[in-house]
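Undergrad: Have a look at this one before I ask anything.
The values are calculated or read from the model by the stated rules, or taken from the named source; none is laboratory data. In this text, all values refer to a predicted model and were calculated from it rather than measured experimentally. Cβ placement follows ideal geometry from the backbone for every residue including glycine, while neighbour counts extend to all protein chains displayed.
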Amino acid sequence: RIRIIVQLVVVAALVTIVSQILKAYVYDVSVELSVYVGLIITNCILMGRLEAFAMQNKPWPSFLDGVGNGLGYAYILVAVGGLRELFGRGSLLGFQLIPQSVYDAGYLNNGMMTMPAMALILLGCVIWIHRAYFYKEK
């Protein structure tokens with residue numbers, strides 16, 4: 001029952017140790033790989049969830065669950081990234097969406113939106129809104 005959890009903890013611990021060693025001895029490499037190290041841990045969490053579902057279901061439902069989860073995660077990543085770019089830089093995919101007249105009226109880009117912590121805060125807001133609309137108490 002705890003095999004997947006143990007695997008995730010071991011992988012996350014080893015990746016964190018390697019990350020810390022890179023920061024201590026080869027900082028330049030650590031800076032270049034920092035985003036990817038976090039993605040390894042995230043990928044392990046996703047794979048653990050998919051494996052848990054696949055162990056209890058047949059191949060076709062497991063395949064559909066994997067595709068659905070992949071599309072769902074991709075949708076949330078694109079939505080959160082789009083909101084962060086729009087409010088953090090005023091543009092989307094390099095195209096300026098907020099007109100100059102809005103800036104002339106006193107609007108400033110929200111620099112906090114470009115920080116990694118805002119992704120977590122926005123994700124929390126998405127979960128909050130989803131639960132508020134789809135999970136009503138009986």
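Undergrad: Given 88, 72, which one is among the small types (Gly, Ala, Ser) and either free of Cβ contacts under 8 Å to residues at least 12 places away in the same chain or in contact with a Leu (Cβ under 7 Å, 6 or more places away or on another chain) (or both)?
TA: 72
Undergrad: Do we find that residue 8 is over 24 Å from residue 126 (Cβ atoms), surrounded by 14 or more Cβ atoms within 10 Å (Cβ to Cβ) and touching a helix residue (DSSP H, G or I) at 6+ places or on another chain (Cβ under 7 Å) in this structure?
TA: So residue 8 fails the test.
Undergrad: Please state which one of 98, 129, 121 is assigned to a loop (DSSP other than H, G, I, E, B) and without any contact (Cβ under 8 Å) to a residue 40 or more places away in the chain.
TA: Just one listed residue meets the conditions, 98.
Undergrad: May I pose another question? Just give me the residues in region 44-60 being in contact with a helix residue (DSSP H, G or I) (Cβ under 8 Å, 6 or more places away or on another chain) and either assigned to a helix (DSSP H, G or I) or in contact (Cβ under 8 Å) with a residue 24 or more places away in the chain (or both), in sequence order.
TA: Of everything in region 44-60, those that are in contact with a helix residue (DSSP H, G or I) (Cβ under 8 Å, 6 or more places away or on another chain) and either assigned to a helix (DSSP H, G or I) or in contact (Cβ under 8 Å) with a residue 24 or more places away in the chain (or both) turn out to be 44, 45, 46, 48, 49, 50, 51, 52, 53, 54.
Undergrad: Are any residues in region 84-108 hydroxyl-bearing (Ser, Thr, Tyr) and either under 24 Å from the mean Cα position of the chain (by Cα) or loosely packed, with under 12 Cβ neighbours inside 10 Å (or both), and if so, which ones?
TA: 91, 101
Undergrad: Check off (1) modelled with pLDDT under 85; (2) assigned to a helix (DSSP H, G or I) for residue 136 and give me the number that stays unchecked.
TA: Status for residue 136: all satisfied but (2).
Undergrad: Tell me whether region 47-57 contains one or more residues that are within 25 Å of residue 116 (Cα to Cα), of a type in the set (Asp, Glu) and outside the structural domain of residue 116 (by TED's automatic domain parsing).
TA: No, region 47-57 has no match at all.
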